[in-house]
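Below is one structure, written out as structure tokens, with a few remarks after it.
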Amino acid sequence: MSDDRKILAGWVDQERERIVSFFRAFIRCRSPNPPGDTTEAARHIGDFLSAEGLEFRVIAPQATMPNLVAAFDGAGPGKHLVLNGHIDVFPVGDGTGWTKDPWGGELIDGKIYGRGACDMKAGTTASIFTYAFLHRIRERLKGRLTLTAVSDEETFGPWGARYLVQHHPEVLGDCLLNGEPGSPYTIRFGEKGPLWLEFKVRTRGAHGAYTHATESATKLAQRLIADLEVVTEIEPTVSNNIARSLEAAREAVDKAMGSGAADIVSKVTLNIGVIEGGLKVNMVPFACRFEADIRLPLGVTREQVMAEVRKVLVNYPQATVAEMNFNPPSYCAPDGAMVGIIQKNVQALLGFIPAPIVSLGGTDARLWRYRDIPAYVYGPFPHGMGSADEHVDVEEFLHIVRVHVLSAYDYLMAG
Ligand SMILES: [Zn+2]
């Protein structure tokens, strides 16, 4: 190891209490989205950066959803690496199912609990400390490092990373590193794309005994939903290099996202997230609406899916469809420079090689990939993500910090 790599790794060890306490206090800064108010959590980050003597900008096109951006140049020319993490978290609702305080940041038996623990205040903390530690050795560093800690991620909102990449091209860089949850065994180079559709079925309706007088909107919807399964049979078209990566990563994908995940990474999936229809048990419903969450793998387009949907709808003149949201699937090179760097570091630290994978869910990293900037995700296991008792293992969290610190350094020094 070079002296600087030793120094950087040493800081993660020597300052582990400080890193852990920053992270736990970050969880205690409530930032559920909706409503997405991240001012307290952003202040926590700003206070840390100021204490480290680091300058930063607050870019807040929506006042309650600030984004923090900081950047510095190393001593010599080189690549521009961008670190990205979000500050907002899923909501907690009434806390049902939680056995720990969702906003407590409690440390119990080597695990840190709270909403946002794995998604993704752990990863954002890794980005922040990576930025701070590399800044300390900037006089010996090449290239440029940018930190973006953003709001408004959980609802695909317009005020966070989307705003930055549109209005502040200085945050694009040559490569993005992000710590969204995945698993220490995987590096995400791509993700599926959600297409959300709203369907409405209308009929005349009638008294519940007069089933001869009208069609039932709920029964039509039920048949329509069954017919929509046809979208899951669309075959993706991907390059050999992507197909090989997907095949090689099957075991790692199941490990990271649960058994069966590898089977659906390359398939269109259909989830009917919401159904509403009917007023009363003794009325034949005149209206039914439902929302479909269709996930597109790499190599399937919105046009392909909509063509199938329209074919189905020919048999349902009572039904209409409208698009609610769409983000195309995204990917970058599964064998990009950052992948090799992360693999080497993880192998040296833990003795295994993480596999490049495509994830089922989405992250802000897609916004960089849409602009042809390679964007990779290396983060902790998603324990309790979006549900109860979300937590992260402390040693795993520190491993993520270590890998981000060393990999950012290696990427920049490779020039
Ligand atoms: Zn996230």
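The values are calculated or read from the model by the stated rules, or taken from the named source; none is laboratory data. All of these numbers come straight from a predicted model, not from anything done at the bench. Don't worry about glycine lacking a Cβ; one is built from the backbone with ideal geometry, like all the others, and counts go over all protein chains shown. When the accessible area is computed, the model is the full protein with side chains, heavy atoms only, and any ligands, DNA or RNA have been set aside. Shrake-Rupley method; radii C 1.70, N 1.55, O 1.52, S 1.80 Å.
List pairs: first in the range 331-347 and in contact (Cβ under 8 Å) with a residue 60 or more places away in the chain, second among the polar types (S, T, N, Q) and assigned to a helix (DSSP H, G or I), Cβ under 6 Å, 6+ apart or cross-chain?
From the range 331-347, the pairs are PRO334/SER245; ILE341/SER407; ILE342/SER407; ASN345/SER407.
In the range 127-136, what residues are open to solvent by less than 10 Å² (accessible area, probe 1.4 Å) and away from the ligand (no atom under 13 Å from the Cβ)?
Passing the criteria: ILE128, PHE129, THR130, TYR131, ALA132, PHE133, LEU134.
Take the range 284-331 and flag every residue that is open to solvent by 70 Å² or more (accessible area, probe 1.4 Å), within 29 Å of HIS207 (Cα to Cα) and not β-branched (Val, Ile, Thr).
Result: PHE286, ASN315, PRO317.
Taking the range 76-123 on its own, how many of its residues are more than 16 Å from HIS383 (Cβ to Cβ), of a type in the set (Asp, Glu) and either in contact (Cβ under 8 Å) with a residue 24 or more places away in the chain or within 16 Å of the ligand (Cβ to nearest atom) (or both)?
Residues in the range 76-123 being more than 16 Å from HIS383 (Cβ to Cβ), of a type in the set (Asp, Glu) and either in contact (Cβ under 8 Å) with a residue 24 or more places away in the chain or within 16 Å of the ligand (Cβ to nearest atom) (or both): 1 in total.
Between THR186, THR214, which is at pLDDT 95 or above, β-branched (Val, Ile, Thr) and within 16 Å of the ligand (Cβ to nearest atom)?
Exactly one residue qualifies, and that residue is THR186.
Can we say GLY157 is within 16 Å of the ligand (Cβ to nearest atom), surrounded by fewer than 22 Cβ atoms within 10 Å (Cβ to Cβ), modelled with pLDDT under 95 and assigned to a loop (DSSP other than H, G, I, E, B)?
So GLY157 passes the test.
Does ILE19 satisfy the condition of being touching a residue at least 40 places away in the same chain (Cβ under 8 Å), crowded, with 18+ Cβ neighbours inside 10 Å and farther than 17 Å from HIS399 by Cα?
No, not satisfied.
Which of the residues that make up the range 186-200 are of a type in the set (Asp, Glu) and under 13 Å from the mean Cα position of the chain (by Cα)?
GLU191
Given the options LEU145, LEU176, name the one that is in a strand (DSSP E or B), open to solvent by less than 10 Å² (accessible area, probe 1.4 Å) and away from the ligand (no atom under 16 Å from the Cβ).
On the way: LEU176 fails: away from the ligand (no atom under 16 Å from the Cβ).
Just a single option satisfies the conditions, and that option is LEU145.
So, in the range 292-317, how many residues would count as being assigned to a loop (DSSP other than H, G, I, E, B) and touching a Ser or Thr at 6+ places or on another chain (Cβ under 6 Å)?
Within the range 292-317, residues that are assigned to a loop (DSSP other than H, G, I, E, B) and touching a Ser or Thr at 6+ places or on another chain (Cβ under 6 Å) number 2.
Just to be sure before I move on: is GLY384 at positive phi, within 16 Å of the ligand (Cβ to nearest atom), of a type outside the set (Phe, Trp, Tyr) and open to solvent by less than 40 Å² (accessible area, probe 1.4 Å) in the structure I sent? So that I can check it myself, show each step before the final result.
On the way: at positive phi: yes; within 16 Å of the ligand (Cβ to nearest atom): yes; of a type outside the set (Phe, Trp, Tyr): yes; open to solvent by less than 40 Å² (accessible area, probe 1.4 Å): yes.
Yes: the conditions hold for GLY384.
One residue is enough: does the range 39-57 have a residue meeting the conditions assigned to a strand (DSSP E or B), buried (at least 19 other Cβ atoms within 10 Å of the Cβ) and either under 24 Å from the mean Cα position of the chain (by Cα) or of a type in the set (Phe, Trp, Tyr) (or both)?
No, the range 39-57 contains no residue that is assigned to a strand (DSSP E or B), buried (at least 19 other Cβ atoms within 10 Å of the Cβ) and either under 24 Å from the mean Cα position of the chain (by Cα) or of a type in the set (Phe, Trp, Tyr) (or both).
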